[in-house]
Structures are given as C-alpha cells and as structure tokens.
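Colleague: Mind looking over this structure? Questions follow.
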Amino acid sequence: MSAMYKKINKNIKRFVVLNLVLSLAAFILLANNAIVAKASVLTNGGINLTDSRPSTANVTYTGTFDNVTTSAIKCIQLVFSTTAAGSAAPSGINTNSVALVGTSTYIPTPGSWAASGSTNGTIKITFASGETPAGATGRTVVLSGITNASTAGTTYFVKFNTYNNTDCATSPVDSTVLAYQYTTGQSVSLTVDPALTFTISAIASGSTVNSATTTVTTTPTTIPFGTVTSGANAIAAHDMTVVTNAGSGYTVYTRYSGALTSGTNTIADFAGSNATPTAFTAAGTEGFGYTTSSTSLAGTAARFNSNKWAAFTTTGVEVAHSIAPVSSDVTRIGYQIGISGTTKAGSYTTSVILTAVPMY
C-alpha cells in the first residue's frame with residue numbers, strides 16, 4: 001500500500017506541474033495576443049476645417065498625425081462622436097458625400113483608396129491590397145464633401161484608427177482621439193468713403209503731346225502763351241492725374257469760359273470737334289483748340305491720336321476716361337493757338353476749366 005500510495009502521489013504532482021505549465025503557456029499566449037491587438041497611439045494629432053461654421057456644406061477636414069506606424073494598413077477609419085469614447089454622431093453632420101482628397105499623405109497613393117461615409121458620422125477609407133505609410137511624421141488625411149454639424153461652441157471628437165484589415169475592426173495598427181469645435185464666425189463690417197484726387201501738373205517747353213512739341217512752359221494754374229506771331233503757332237500742355245476708388249471709373253471734362261477776347265476783339269476757334277478732331281491748321285490761321293493723349297475715351301477711344309485737335313466749347317467734353325478705379329491715371333492735355341496776319345493787337349484771355357467726375 002505504501003508503494004502504491006507513493007506512486008499515486010507522484011503522478012498527482014506531475015499532473016499539477018503539467019497543468020501549471022500549460023496554464024502559464026496559455027497566459028503568455030493570451031498576453032501576447034493582447035499586445036498584438038493593441039494599437040499604437042498617434043501623437044501631435046490635430047484636425048483642421050476649411051470652414052468651421054455650423055451646417056456649412058462641402059467642408060474639407062484635414063487630420064495631421066505623428067508617430068505613425070510604418071507597417072501595412074488596409075483601412076483608415078474616422079468616427080465623429082459627441083464623446084471621446086462614444087459613437088453617436090454630432091447632430092446635423094453629414095458624411096455621405098465624403099471623398100479622400102489626393103493631397104493626403106498618410107498613404108502613398110490616395111487615389112487607390114475608396115472613402116465611404118454611408119454610415120453617417122463614420123468614414124471608412126479602404127484599399128484591399130493595403131499600403132505602408134511613407135513616413136512617421138506629418139502624415140495627413142484630407143477629406144472633402146462633409147457637412148458640418150449644426151451646433152457651435154460644443155466640443156466634438158474624432159476617433160481615428162487604422163487597421164491592417166478592410167473590416168476596419170481587426171488587426172489594429174494606430175489610433176488616437178481628436179477634439180474640435182464649430183464656431184459661428186465673426187461678422188466684419190466697415191465703410192470706405194468715396195475718394196478722388198485730381199492733380200494738374202506743369203509741363204516744360206520742349207515736351208511732346210500727341211507728337212506735337214510744346215513751345216511754352218506752363219504752371220499748374222496758367223497757360224502763358226506769351227507773345228504769339230502769325231509765323232508760328234504756340235503749344236502748351238498739362239498732365240492730369242486722377243486717383244479714385246469709383247467703381248465705374250471717372251471722366252475728365254474740359255471747356256472754356258468763352259473765346260479768347262481782348263476788349264471787343266476775339267480769336268476764332270479751331271474747326272475740329274471733340275467727336276471728330278482734325279489736324280491743326282498751319283501757322284498764319286486763327287484757331288484755338290486742344291488735344292488729349294487719352295486712348296480710352298467713350299466712342300472712338302483713341303480719336304485724338306496722330307496729332308488730332310478740337311475746338312474748345314463752353315460745354316464740357318471728355319478728354320480723359322476710365323471705366324474702373326485707378327490708382328494713378330495720367331493723361332496729357334495739349335493747347336494750341338494760332339493767329340493770322342490780320343488778328344488785331346491786344347492781350348487776349350480766357351479760362352480753361354478741367355473737371356474730374358468719378359462714376360460710382
């Protein structure tokens with residue numbers, strides 16, 4: 001009996017030891033499986049919206065991540081939720097029309113991946129063949145076509161996970177949770193006053209205006225022709241500079257107060273008109289007129305080019321024009337006077353008026 005008892009006791013010990021070994025092996029196996037099943041945590045993550053206003057449609061969301069595991073993945077999943085651990089989508093969000101944008105860098109060829117947001121608030125991006133992220137830092141997932149949730153000022157969450165399986169549930173690789181908010185935006189208002197600066201500048205003798213050479217030096221407020229003879233016409237000029245924020249631009253008009261007069265004597269006006277300017281008459285013929293360097297007049301825009309001139313009138317006619325705001329638009333206006341051998345002696349005067357009119 002004693003020998004049999006010892007044998008039975010020995011067998012019991014062996015059984016216990018074997019069970020302990022098997023239990024330890026099972027524990028190690030389970031522990032290893034648990035380690036394999038646990039995803040790595042991404043760092044420095046953030047999510048950026050092209051428009052954070054509630055209920056805005058077609059918004060692009062960009063997620064950026066570091067510490068990315070550079071091993072194969074077949075699924076990228078984003079779950080928009082009201083809590084960090086939950087799965088209830090924020091009210092009003094719509095992911096049904098989501099698309100993975102080609103600038104995404106989380107995977108090498110985003111065009112090979114298909115994005116689906118048919119389960120509202122959950123976006124699954126899959127590729128059956130899988131790919132390995134090209135780097136661990138600065139990886140982005142860019143998603144377009146999302147409609148924002150309807151509430152501002154509430155913290156929402158995006159649970160981001162990657163898997164090496166298209167079921168988006170098993171073989172986890174990386175994970176993180178990101179927080180974000182919607183904002184109503186800030187209304188901006190301001191007033192811009194109408195603005196106009198009109199400057200008339202002197203032009204020196206020997207300058208040109210529409211191919212004619214000036215013979216007189218002007219001041220900003222005078223056209224001092226001086227003594228004029230029938231043997232040569234006198235020519236002068238001014239530069240007109242316009243600055244305006246008028247939406248439809250501006251027009252500069254010119255007119256005179258009346259014919260050049262000395263007592264009861266006058267000098268005849270030149271024959272050309274603003275609509276149909278012509279070449280100025282040769283020396284020895286009475287005439288007073290103007291020309292402009294503008295090539296953007298209403299009607300025939302460059303009609304004064306090639307040294308064409310027109311007679312002054314007492315009604316304003318255009319000599320400069322723009323159809324848009326200008327920061328510094330310069331037009332040169334020229335003046336020419338001729339007399340004949342019978343023009344009566346005297347000091348002749350008149351006033352030339354230049355008026356800039358902005359068109360708002």
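Colleague: Once amide H atoms are placed 1.01 Å from N in the peptide plane, what residues at a sequence separation of 5 or more from S296, or on another chain, have their amide H within under 5 Å of its amide H?
Modeller: The answer is H321.
Colleague: Still on this structure, I have one more. Need one number for region 71-115: average projected area of the convex hull over its C-alpha atoms, nm².
Modeller: Numbers: hull surface 17.4 nm².
One quarter of the hull surface, i.e. the mean projection, equals 4.3 nm².
Colleague: Another question about this same structure. Cross-link candidates for K124: which aspartates and glutamates have Cα within less than 19 Å, leaving aside residues fewer than 8 places away along the same chain?
Modeller: Here the aspartates and glutamates satisfying the reach criterion relative to K124 are D167, D174.
Colleague: Let me ask you something else. Report the chymotrypsin sites (Phe, Trp or Tyr not before Pro) located in region 174-221 that are in a DSSP loop and have at most 13 other Cβ atoms inside 10 Å of their Cβ, or state none.
Modeller: Counting only loop positions with at most 13 other Cβ atoms within 10 Å, none of the chymotrypsin sites (Phe, Trp or Tyr not before Pro) in region 174-221 qualifies.
Colleague: Also: Contact order normalised by length for region 196-358, with contacts defined as Cα pairs under 8 Å and 6 or more residues apart; what percent is it? Spell out each step's value before the answer.
Modeller: Numbers: 440 pairs, mean separation 53.6, N = 163.
Once normalised by length, the contact order is 33 percent.
Colleague: How far apart, in nm, are the 7 Å Cα→Cβ label points at S175 and T197?
Modeller: 6.5 nm
Colleague: Starting from the Kirkwood radius over alpha-carbon pairs of the chain, derive D by Stokes-Einstein at 20 °C in a medium of 1.002 mPa s and give it in µm² s⁻¹.
Modeller: It diffuses with D of about 75 µm²/s by this estimate.
Colleague: Whole Å is fine, so just give me how far the alpha carbon centre of region 181-245 lies from that of region 71-129.
Modeller: 62 Å
Colleague: Now for a different question. State the extension gain, in nm to one decimal, for the chain segment bounded by A298 and T349, taking 0.36 nm per residue of separation less the distance between their alpha-carbons. Intermediate values should be presented prior to the final figure.
Modeller: On the way: separation 51, 0.36 × 51 = 18.36 nm, distance 3.04 nm.
Gain on extension, A298 to T349, equals 15.3 nm.
Colleague: Between 0 and 90 degrees, rounded to the nearest ten: what's the tilt of helix 2-37 against the longest Cα principal axis of the chain?
Modeller: 10 degrees
Colleague: Can you work out ³J(HN,Hα) from phi for every residue in region 330-345, in order, using Karplus 6.51 cos²θ - 1.76 cosθ + 1.60 and θ = phi - 60°, giving whole Hz and x for Gly and Pro?
Modeller: 3J(HN,Hα) across region 330-345, in whole Hz: 10, 10, 9, 10, x, 10, 9, 10, x, 10, 9, x, 10, 4, 5, 5.
Colleague: How high is the relative contact order of region 38-165, in percent, counting Cα pairs under 8 Å that sit 6 or more residues apart? Please list the in-between numbers first.
Modeller: On the way: 325 pairs, mean separation 48.8, N = 128.
Value for region 38-165: 38 percent.
Colleague: Kirkwood hydrodynamic radius, region 196-358, all distinct C-alpha pairs: what's the number in Å? List each step's numbers first, then the result.
Modeller: Values: mean 1/r = 0.0627 Å⁻¹.
Result for region 196-358, one decimal place: 15.9 Å.
Colleague: Okay, next question. What size of dipole, in debye to the nearest 20, comes out for the chain about its Cα centre when the only charges are +1 on Lys and Arg C-beta atoms and -1 on Asp and Glu C-beta atoms?
Modeller: Values: 16 positive and 11 negative charges, 481 e Å.
It works out to roughly 2320 debye.
Colleague: Okay, next question. So for region 40-92, what are the equivalent ellipsoid semi-axes in whole Å, largest first, each being the square root of 5 times an eigenvalue of the Cα gyration tensor?
Modeller: Numbers: eigenvalues 114, 44, 24 Å².
The equivalent ellipsoid of region 40-92 has semi-axes of 24, 15, 11 Å.
Colleague: With the calculation restricted to Cα positions, what are the radius of gyration and Dmax of region 130-188 in angstrom?
Modeller: 15.6, 50
Colleague: Dimensions of region 40-180 along principal axes (Cα, Å, largest first)?
Modeller: 38, 26, 25
Colleague: Just add up the charged neighbours of T60: K/R +1, D/E -1, any other residue whose Cβ is under 15 Å from the Cβ of T60.
Modeller: Working: positive: R53; negative: D51.
Around T60, the surrounding residues sum to 0.
Colleague: Let me ask you something else. Once you have all Cα-Cα distances for region 127-264, histogram them in 5 Å bins from zero and send the whole-percent values.
Modeller: Calculated P(r), rounded to whole percents: 2, 6, 8, 10, 9, 7, 5, 4, 3, 3, 4, 4, 5, 6, 6, 5, 5, 3, 2, 1, 1, 0.
Values quoted throughout were computed directly from the atomic coordinates according to the rules given, and no laboratory measurement underlies them. All of these numbers come straight from a predicted model, not from anything done at the bench. All Cβ positions, even for glycine, are placed from backbone atoms using ideal geometry, and neighbour counts span all protein chains on display.
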